[in-house]
Amino acid sequence: MEMRKSRVLRQMRDGKVATCVKLNLESIRNVDIAAMCGFDCVWVDMEHVPTDYGFIENAVRAAKVYDVDVLTRVRRGCYSNLINPFEADSTGIMVPHLMSLEDAKKVVYYTKFHPIGRRPIDGGNADGKYCLVDGNDYMKQANEERFVIVQIEDPEPLEDLEEICALPGIDMIFFGPADFSQGIGIPNAFSDPRIEETKKRIAECARRHGKWAGTVGGPGNFDALVDMGYTFINTGADVIALANYYKDMISKVSGRNIK
């Protein structure tokens, strides 16, 4: 028996761009809708959203129906925060605010199995099909079909960027422009040339070391990001989509007089 293979990795290995949407609203129906619409991946969040592991498990079950990956952005804390989403069969994890090469080495140590790291072994969960996947096969397949993303969203780790990108066990480098803008003292000033320069630098460095590059974008800059070297692009968020829909609807019906 085998673990489920990653749709995101399949897309990128086939030379295609993987698409993703971020879901802040804790609703399985929301996961259903996003998966039905054709995204390769849905991103659920534990850093900024009080999501629990029960929701992660159910989100994975819903997405699997449509062969869609679940990416979980983890909380920073003990090693269990890193591996619990994997054991719930999240296809990928995103580690926020990576700050240094040493930080990256610790992430690899706890999220990749031998011979890359020393992730604690327990194949008795959803990802290992409750011990139905052979132990050695489970470790090998987990290293190959589950991905680890680290977020560069602060200026501090840029000093170690080459070494971070070269580190075995890091699968993707993800640029987060919002916190990065704050880190360089210009919150939300996304037109500042330093944002674009860093975005390009990260994509180039990741590709140079055989890693995937990811970031946030949308239809307006999607092609430009692909040309820059990004192969994983989060194209929107449920809260933005819903707010825009509500605002559009109310603008068309509010203030009407009774006839």
Can you confirm whether region 22-37 contains a residue that is under 25 Å from residue 161 (Cα atoms) and not in a helix (DSSP H, G or I)? no
Out of all the residues in region 70-122, which are assigned to a loop (DSSP other than H, G, I, E, B), of a type in the set (Val, Ile, Thr) and under 15 Å from the mean Cα position of the chain (by Cα)? 74, 91
Let me spell it out: the conditions are (1) at positive phi; (2) at pLDDT below 95, and residue 89 meets all of them except one. Which number is the exception? (2)
For residue 137, indicate whether it is charged (D, E, K, R) and either at pLDDT below 95 or surrounded by 22 or more Cβ atoms within 10 Å (Cβ to Cβ) (or both). no
For region 210-224, name all the residues that are closer than 16 Å to residue 172 by Cβ and either buried (at least 18 other Cβ atoms within 10 Å of the Cβ) or touching a residue at least 12 places away in the same chain (Cβ under 8 Å) (or both). 211, 212, 213, 214, 215, 216, 217
Those residues of region 26-48 which are more than 16 Å from the chain's Cα centre (by Cα) and in contact (Cβ under 8 Å) with a residue 60 or more places away in the chain, in sequence order: 30
Report every pair of residues separated by at least 6 positions or lying on different chains whose Cβ atoms are under 6 Å apart, first residue within region 49-61 and in a helix (DSSP H, G or I), second surrounded by 15 or more Cβ atoms within 10 Å (Cβ to Cβ) and among the charged types (D, E, K, R). 55/26; 60/89
Would you confirm whether or not region 155-166 contains a residue that is modelled with pLDDT of 95 or more, crowded, with 20+ Cβ neighbours inside 10 Å and part of a loop (DSSP other than H, G, I, E, B)? no
Taking region 169-209 on its own, how many of its residues are outside any helix (DSSP H, G or I) and either among the small types (Gly, Ala, Ser) or surrounded by 14 or more Cβ atoms within 10 Å (Cβ to Cβ) (or both)? 15
Counting just the residues of region 10-23 that are surrounded by 17 or more Cβ atoms within 10 Å (Cβ to Cβ) and not hydrophobic (A, V, I, L, M, F, W, C), which one comes out nearest to the chain's Cα centre (by Cα)? 22
Only residues in region 180-201 that are under 18 Å from residue 226 (Cβ atoms) count as the first member; pair them with residues that are among the β-branched types (Val, Ile, Thr) and not in a loop (DSSP other than H, G, I, E, B), Cβ under 7 angstrom, at least 6 apart or cross-chain, and list the lot. 199/215
Hey, can you tell me all the residues within region 62-72 that are free of Cβ contacts under 8 Å to residues at least 60 places away in the same chain and surrounded by 20 or more Cβ atoms within 10 Å (Cβ to Cβ)? 62, 63, 70, 72
For residue 102, work out the one condition from (1) touching a residue at least 24 places away in the same chain (Cβ under 8 Å); (2) of a type outside the set (Val, Ile, Thr); (3) within 30 Å of residue 190 (Cβ to Cβ); (4) out of contact with any Asp or Glu (no Cβ under 7 Å at 6 or more places or on another chain) it doesn't fulfil. (1)
Among 248, 227, which is the only one that is loosely packed, with under 15 Cβ neighbours inside 10 Å and either under 28 Å from residue 144 (Cα atoms) or touching a Phe, Trp or Tyr at 6+ places or on another chain (Cβ under 9 Å) (or both)? 227
Go through the residues of region 122-142 one by one and say whether even a single one is closer than 16 Å to residue 211 by Cβ, touching a residue at least 24 places away in the same chain (Cβ under 8 Å) and among the aromatic types (Phe, Trp, Tyr). no
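The values are calculated or read from the model by the stated rules, or taken from the named source; none is laboratory data. Quick caveat, the model's predicted, so the values are computed rather than measured. With ideal geometry, Cβ positions are generated from the backbone for all residues, glycine too; neighbour counts draw on all protein chains shown.
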